[in-house]
Amino acid sequence: MTDQEFIESFRHYQKKNNWWCDFHPVAKLVFCLSFGFLSLIVFKWQVGLAVFLLAGLIAIRTPARKTYFITLGVMFVAGCLFTVAVRLYVHMGDPGPVAFYLFGKAVPVAAVISCLDLIFMIEGFLGIFMTFFLTTEMRDLCCCLEQVGMSPSATFMILSTFSGIASIKEKLNCVRESQRARGIETEGSLVVKVKSILPVLFPVIISSMTGVEDRTLAMDARAFSAKGKHTALRRAAPAKPVEKMVAALAVILCIAGSIAGRMYL
Amino acid sequence: MTGKKKKKKMDNMTKLLIPLAVAINMLAYNVLYSTTMVILGDSIGTILVGAICGPVPGAVVGVLSNLVNVIKNPVMIVMLPLNVAFGVVSGYLSKRKIFIRLWKTILCTPLYGFIGGWLSGSIIFLAMGGDFWGNMASVFVGIPLFHAGVPKYFAMAIGQLLFDCIDKAACLVLVYLIIKSLPDRFLIKLPYGRYVTSKQYDESEIEF
């Protein structure tokens, strides 16, 4: 990208040439929250599966499809399988129709359905949220939230939270290397690792906290607290009527689906 | 003068400390949990900001920490009220000058343990279909208690409470040590800084 193209990119609305990635961030958030909570509130495998399939259909049409399915697979193994094993162990030998036998003990159908409910609730909830987080830039979301009335201080806090995590991790690695150079063992047995926690963790936390003073002065120098409209480098397109309608429909569907799901499933 | 209470604005230092505290929560979790497997440490930043900046910034840290966790594991959204409660409780305890002495700080462990353990156990129990969740507390304490005849809800809540008390005791000690390591001239500039340091300053002595 040439310098001129880079400059020009800020003169227009941010576009990624993908229908889901270009969907208005706030409308997308409302849509995903509605379906995520539908899966959580109803807590039945039928609803979880429907939300999971919807999320999969959306994700497959975005550039983030590979990351989506890898993360979902990892979360399934890390988050679901252990809980399912615990649930099956607790319910082994319970009365009721038998689904199968495990280590010589009967596993009832109710336990298997309970596990399916849990798996699809998690996968549905996780899936729909991942389609949001993998396709939305936080700065675009914050820009849109400011447009709908959120205070610049709040959006600043959200954005600096995400950038702060990356910078503090860098600082941690730097301090770890420094302490190692000073002769503190940071790798080895469990005892060695536990002993190295404080010499690594404390300098990072204390130096980051005391550094806040300088950053406060920098913020004051740039008139952060001044009254008036804040300017932004990036421009986000306002929500189209269709996007607003999709978000509203998702909310209605969530409320109606939650009531119907709790009553009939 | 109007009878209405004037709305207090958050100062810039607090605004900068909030994102930092969220990052501290993430950092402490990565460092402590990967090493000890018992101490989570993901509320150190929330308790710290609650103690030195007050209940509202503490609650904001709780909300933001939960939102960051939600990206990794969206089911964690149900724990949002607990993170908020840690920040609020820390603010109120700080105002009673609890964080000045180590023994007073450690004595607050059951309160934090109750919020993070018993209440989180209850939320998990309700949100996850009234059954055990696959975590260490359930496997090592909850399920054995359940098999010993304790009702499922109490077995799970007791397990969570025990594990969380260990975590919160370590977090509170770390928060106390961090506060003691921070220079007084830094603490005194923060809204609740005067409640966590025993030194007294005149306003004229402070350089803002």
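Data overview
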{"read-out": "Relative frequency of Cα-Cα separations exceeding 45 Å in the protein assembly as shown, percent", "value": "17"}
{"read-out": "At 1.306 mPa s and 10 °C, Stokes diffusion of segment A:1-113 via Kirkwood alpha-carbon radius, µm² per second", "value": "88"}
{"read-out": "Centroid-to-centroid separation of segment B:146-177 and segment A:159-186 [C-alpha atoms, Å]", "value": "30"}
{"read-out": "Two-site label geometry, residue A:264 and residue A:46: point separation in nm, points 7 Å out along Cα→Cβ", "value": "0.7"}
{"read-out": "Long pairs among A:240/B:72; A:171/A:193; B:9/B:95; B:104/B:180, criterion Cα-Cα beyond 24 Å", "value": "A:240/B:72"}
{"read-out": "Low-density loop cleavage sites - GluC sites (Glu not before Pro) in segment A:108-191, where at most 11 other Cβ are within 10 Å (DSSP)", "value": "A:187"}
{"read-out": "Within the accessible area of segment A:171-237 (1.4 Å probe), percent carbon and sulfur", "value": "58"}
{"read-out": "Angle between chain B longest axis and helix B:80-95 axis [Cα atoms, degrees, rounded to 10]", "value": "40"}
{"read-out": "5 angstrom amide H check on residue A:235, placed H, neighbours 5+ away", "value": "A:14"}
{"read-out": "Averaged over A:197-205, number of beta-carbon atoms from partner chains that fall within 10 Å", "value": "5"}
{"read-out": "Three-way shape label, segment A:90-172, alpha-carbon gyration tensor, a/c 1.5", "value": "prolate"}
{"read-out": "Exposed trypsin sites (Lys or Arg not before Pro) absent - longest run of chain A, DSSP non-H/G/I/E/B, at most 16 other C-beta within 10 Å", "value": "A:62-181"}
{"read-out": "Residue mean of other protein chain beta carbons inside 10 Å, B:93-102", "value": "0"}
{"read-out": "Alpha-carbon centroids, segment A:197-265 and segment A:22-65: separation in whole Å", "value": "20"}
{"read-out": "Residues with amide H under 5 Å from that of residue B:132, placed H, sequence gap 5 or more", "value": "none"}
{"read-out": "Test item: B:182-189 mean partner chain Cβ contacts at 10 Å", "value": "2"}
{"read-out": "Coarse-grained scattering of segment B:37-129 at q = 0.22 Å⁻¹, given as base-10 log I(q)/I(0) from a Debye sum over alpha-carbon atoms", "value": "-1.11"}
{"read-out": "Computed FRET value (nearest 0.05) for residue A:148 with residue A:4, which takes r as the C-beta separation and R₀ as 35 Å", "value": "0.60"}
{"read-out": "Where N is the number of residues in chain B, Cα Rg divided by 2.2 N^0.38 Å", "value": "1.10"}
{"read-out": "Additional length obtainable on full extension of the chain from residue A:109 to residue A:219, 0.36 nm per residue less Cα span", "value": "33.5 nm"}
{"read-out": "Of the trypsin sites (Lys or Arg not before Pro) in segment B:96-170, those whose Cβ has at most 13 other Cβ within 10 Å and which sit in DSSP loop", "value": "B:96, B:101"}
{"read-out": "Debye log10 I(q)/I(0) for segment A:118-265, one point scatterer per Cα, at q = 0.11, 0.14 Å⁻¹", "value": "-0.77, -0.96"}
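The values are calculated or read from the model by the stated rules, or taken from the named source; none is laboratory data. All values derive from a computational prediction rather than experimental measurement. When we count neighbours, we look across all protein chains shown, and the Cβ atoms used for this are built from the backbone with ideal geometry, even at glycine. Only protein heavy atoms, including side chains, enter the accessible area calculation; ligands, DNA and RNA are left aside. Shrake-Rupley method; radii C 1.70, N 1.55, O 1.52, S 1.80 Å.
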